[in-house]
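One structure is given here, and the rest of the page talks about it.
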Amino acid sequence: MKSPFTFSLPFIYKLRYLILIFFITILFSLLACDIVKPKIDQVATPEFDPPGGCYNHLWDRIITIKCNTDGAKIHYTLDGSIPTESSPLYNEPIFLPSIFITVKAIAFKDYMKPSKIAEACYSSLSINPSISLPSGTYYWGQETTISISSAYESYDPQIFYTMDGSEPTQNSTLYTKPIILTQSCVLKAKTFLNNGISSKTSIATYTIIDFLNELIPVQGGIFHPTDSLNVQLSSYKISKYEITQIEYIKMMGYNPSYFKNDLTLPVENVSRLDAIEYCNRRSIREGLEPCYTLNGYGNNPDNWFEGWNQYFENHDLISCNWQANGYRLPTEMEWMYAALGGALSHNYIYSGSNDINSVAWYSGNSGGRTHSVGEKNANELGLYDMSGNVAEWCWDVLSDYPVGDVINPIGPENGSWHSVRGGCYSDNSDLCTVFRRYFYSQIIRNKKYGFRVVQKSI
């Protein structure tokens, strides 16, 4: 009788065969699932000598490429494209052929994984942004530009900047227009190209001194513009200088001026209506009651209709609240009284002197352009440029002088032509006297015309 645990030899052979098949199946399954995978080394990334950067005389520059994997073959491109085994084979130093070039390289070796792609950018022109205004101390409101060489236009260069000393990134402010400096700051700028290359950081440090156009008190009094006219004026305050470009920019957000090399120049190329808008915006900014109202639209220029200041027929739409404590244009008599020196007047022909060269910019000394306010001598009240730099808009409508005794005259209520007083940089000396009057349409903008402001004395 056979034992129950006895197996025939054929059965044992079959069992061994089945076990072998089982383990072979498991092995192939593991390989197929990447659980067991032979390790393949990667070729070392190529290295450039010298490294990418900006160099003088790039046409004389040669570079070498090496790979720390023995026997590896290096292929490269000079046009920014991805190198492959079909790309040129590196076997000798490369001469760089242009002012700006991107070199890419990859290394291959049999039975090894290709290297990572190495990249280096070379330039003979600086990619670093150039800041036009050097570091230094300046009056409030300087303007600076940032630029790079036009050679990089095809790389879609973008300049980003900061003004708080932090490092610029592509999340910083994009440079699109000149920067107006309103306070001391550290300006940093950096260029980014569409190939991923970025520049070093350019830095300029500025100390900004706020320009102060203070208002000078004018004590009221009586004066005689003509032999038949006695004018009594209440006290008021008038700006020491003509309104500067930076003051205008601060309130209006733009600079209309023709002459723009220095923001301490008087603003010009403004109409009388532009000056009125400035007065109201400044009054609102400083928490004062605006003097002017656009009839039917209130006294806030943000609510005035588009084009209100563009049309000749709108000359009678503005009214003035003479009791408001905000800023306004001077009347002709206020302007003349201040130009003469008020109660301190020496009755000079020009504002502050009988010698025009000492107190005014006119055709004989200006060089055909405006100059920074306050460079000539002041008049008796400490007021500057009232006989020449830019001519100045006043409130009054065209009319004859009144006759007799008048108190705080404001002229006719409505009219098409308005007063401009004082000479300008292009006028002859005889047009710059205190008593000279001009009248123009209040919508006219001219590089000769600016303004100053007055305020009711409290």
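Read the figures in this text as sums done on the coordinates, not as results from a lab. Quantities reported herein were computed from a predicted structural model and do not represent experimental measurements. Counting neighbours? That spans all protein chains shown, and the Cβs are built from the backbone with ideal geometry, glycine included.
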* **Loop GluC sites (Glu not before Pro), the range 372-458 (other Cβ atoms within 10 Å of the site Cβ: 14 or fewer; DSSP)** => E375, E413
* To do: Would you list, by chain and number, the aspartates and glutamates whose Cα falls below 18 Å from the Cα of K177, excluding same-chain residues fewer than 8 positions away?
  => E143, E153, D156, D262
* Inverse mean reciprocal Cα-Cα distance (Kirkwood Rh) of the chain, Å -> 28.5
* **the range 246-265 versus the range 349-401: alpha-carbon centroid distance in Å** => 19
* Asked: In whole Å, what are the Cα extents of the range 130-209 along the three principal axes, biggest one first?
  -> 41, 23, 17
* Among the listed pairs K240/K456; K116/K190; K66/K104, those beyond 19 Å (Cα-Cα) -> K116/K190
* To do: For the range 215-456, state what percent of all Cα-Cα pairs lands in each successive 10 Å bin, counting from 0 Å until the bin that includes the largest distance.
  => 8, 34, 39, 17, 2
* **Degrees between helix 272-285 axis and first principal axis of the chain (Cα, 0 to 90, nearest 10)** => 70
* Any chance you could give the angle, 0 to 90 degrees and rounded to 10, that helix 9-32 forms with the longest Cα principal axis of the chain? => 20
* Inter-part distance where the range 420-458 and the range 176-194 are each reduced to a Cα centre, Å -> 37
* Asked: For the residues K73, K113, K448, K177, what sequence is obtained by ranking on other C-beta atoms within 10 Å, fewest first?
  -> K177, K113, K73, K448
